[in-house]
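The values are calculated or read from the model by the stated rules, or taken from the named source; none is laboratory data. Please read these numbers as outputs of a predicted model, since none were measured by experiment. Positions of Cβ are generated from backbone atoms using ideal geometry, with glycine treated the same way; all protein chains shown enter the neighbour counts.
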């Protein structure tokens, strides 16, 4: 089917620019996100924090839908290919999720490549999850109702964090919200990576550039903490909702990860959005709103499972 009619004009506005590798990094980071978002919804409290990590302080922004009793917590990692994105780029989305899922959202400003290559972002993700559990009471969260989530590169970090807490001493997580996640870096140009290589906002060449920025000259793309699709064992991971988009180079690797989770006995709901493009989640269009609403409904179930 064609690109969703509401997304098509947004896609046209976002397309046609130079390859990311041909634009100075300062310019890429200096402007607003090219992805349109909903208007920010008001919340009763938003708080910026610095949390401890092995390499110093890590900025986190907390979004509260209401005040009073302890609330469940989503530890959220933004997309941007491990190179772009920040707290501001995902501010409106974090607000929507906090309000829709009636949970605190902790948006994590992890270190970016190429200044900080793999495994810096993965280490920050693990540090954020462990902080969230250890300091849950202090921030008004329920330590027994924590979910990790993220979009694109952030989806990668969420599931990598889930793998690491499984293997490295906890804490126990209630779920993983994986929005068109990167599950295999430097994947070959076949399937959706070839079919959607051009013309749908995220280009295959941009994904290759992101991987080079994150991994450098190393061959870490075979490391499961960079490419969780290659993890030998996915048993024992928390329940997941995994969302993919039809016109997205990452579609096949997201679907493959959902299949592997199910084969490992993980309760994984897989939701594929026809007509959608990479980045549609949270866009001001009906299809983006449906995906956010589905995620919030799933989160409410996951927090009490």
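Laid out as a table, the results:
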quantity: Residue 234 vs. criteria crowded, with 20+ Cβ neighbours inside 10 Å, closer than 20 Å to residue 158 by Cβ and over 18 Å from the mean Cα position of the chain (by Cα); calculated: yes
quantity: Residue, modelled with the lowest pLDDT, within the range 279-305, restricted to residues that are over 16 Å from residue 242 (Cβ atoms) and surrounded by 19 or more Cβ atoms within 10 Å (Cβ to Cβ); calculated: 282
quantity: Residues located in the range 247-305, provided they are touching a helix residue (DSSP H, G or I) at 6+ places or on another chain (Cβ under 9 Å) and at positive phi; calculated: 275, 279, 282
quantity: Subset of the range 15-68 (residues that are at pLDDT below 90, more than 19 Å from residue 96 (Cβ to Cβ) and surrounded by 15 or more Cβ atoms within 10 Å (Cβ to Cβ)); calculated: 53
quantity: Subset tally (residues that are outside any helix (DSSP H, G or I), farther than 17 Å from residue 305 by Cβ and either out of contact with any strand residue (DSSP E or B) (no Cβ under 8 Å at 6 or more places or on another chain) or at pLDDT below 95 (or both)) for the range 238-278; calculated: 2
quantity: Yes/no for residue 84 being touching a strand residue (DSSP E or B) at 6+ places or on another chain (Cβ under 7 Å) and under 27 Å from residue 182 (Cα atoms); calculated: no
quantity: Unmet requirement for residue 194, which otherwise passes all of (1) within 15 Å of the chain's Cα centre (by Cα); (2) assigned to a helix (DSSP H, G or I); calculated: (1)
